[in-house]
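K.L.:
Structure provided below as C-alpha cells; questions to follow.
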Amino acid sequence: MSLQSIQPATKPEASVYLPYYQGKRRNALPYAIGLYKQGNIEGEREIEGTDSIPFLATWNVSMLPADLTRCRMQFDGDADLTYEITLATFEFVDFLISIVVLMNQEKVPDFDKSFYRKLLRMDA
C-alpha cells in the first residue's frame, strides 16, 4: 500500500477531528482519516535482531471522533497471534497519523511503540 492509494478525507470530514491534533500532525490528518475509512491495513512490525512480522489490522469505522473503534490485529496470519483493542476514534486516528507519516517516508506501514504498549496492555 502506498500513500497515493489512500483517498484523503474531505475538509468537512477532517474539520471534525481538528480540535484533537496540533501542528504538523494536522497535515497528515486527511490521509489518516482516509486510511481509517478503509477499515484495514497490512504492514510489518520490525523486531530488533530478527525478521519483521507481517500483520493485518482491521477495525470498525465510525466517523465521530468520540465514538469507539475496535481494532483487531493478527500477526503472521496466525489466529493464536490475534489481539484486540478498543479506543476512542480520535485516539486511533492519531496512531494512523503516525502510519501515514511513515508511508510518506516510503517506509513499511507499522504502528508506533505506544500503540503496541496499549495493545498488549503494558500501560495498565
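We did not get these values from a lab; they are worked out from the coordinates using the rules stated. None of the values given here were measured: they were computed from a predicted structure. Virtual Cβ from ideal backbone geometry, glycine too; neighbours counted across all protein chains shown.
K.L.:
Scan segment 1-30 and report the pairs whose first residue is within 21 Å of Ala88 (Cα to Cα) and whose second residue is small (Gly, Ala, Ser), with Cβ atoms within less than 6 Å and a gap of 6+ or a chain change.
P.N.:
Matching pairs, first to second residue: Pro8/Gly34; Ala9/Gly34; Leu29/Ala14; Pro30/Ala9; Pro30/Ala14.
K.L.:
Take the residues in segment 40-99 that are hydroxyl-bearing (Ser, Thr, Tyr) and part of a helix (DSSP H, G or I); name whichever of them is farthest from the chain's Cα centre (by Cα).
P.N.:
First, the residues of segment 40-99 that are hydroxyl-bearing (Ser, Thr, Tyr): 50, 52, 58, 62, 69, 82-83, 86, 89, 98.
Add one more test, that the residue is part of a helix (DSSP H, G or I), and what stays is 89, 98.
On the way: Thr89: 10, Ser98: 7 Å.
Only one residue fits best here, namely Thr89.
K.L.:
Can you report the number of residues in segment 67-106 which are more than 28 Å from Pro19 (Cα to Cα) and either of a type in the set (Lys, Arg) or touching an Asp or Glu at 6+ places or on another chain (Cβ under 7 Å) (or both)?
P.N.:
Total meeting the criteria: 0.
K.L.:
Which condition from (1) closer than 16 Å to Leu102 by Cα; (2) touching a strand residue (DSSP E or B) at 6+ places or on another chain (Cβ under 6 Å); (3) surrounded by 13 or more Cβ atoms within 10 Å (Cβ to Cβ) is the one that Tyr31 breaks?
P.N.:
Single failed check for Tyr31: (2).
K.L.:
Got at least one residue in segment 96-111 being surrounded by 14 or more Cβ atoms within 10 Å (Cβ to Cβ) and farther than 21 Å from Gln4 by Cα?
P.N.:
Looking through segment 96-111, none of the residues is surrounded by 14 or more Cβ atoms within 10 Å (Cβ to Cβ) and farther than 21 Å from Gln4 by Cα.
K.L.:
Which of the residues spanning segment 44-60 are surrounded by 13 or more Cβ atoms within 10 Å (Cβ to Cβ) and either in contact with a helix residue (DSSP H, G or I) (Cβ under 7 Å, 6 or more places away or on another chain) or not small (Gly, Ala, Ser) (or both)?
P.N.:
Glu44, Arg45, Ile53, Pro54, Phe55, Leu56, Thr58, Trp59, Asn60
K.L.:
Write out, first by first residue and then by second, each pair whose Cβ atoms fall under 6 Å of each other, whose residues are 6+ apart or on separate chains, and whose first residue, in segment 39-66, is more than 18 Å from Ile99 (Cβ to Cβ) and free of Cβ contacts under 8 Å to residues at least 40 places away in the same chain while the second is polar (S, T, N, Q) and surrounded by 13 or more Cβ atoms within 10 Å (Cβ to Cβ).
P.N.:
Correct list of pairs: Ser62/Thr89.
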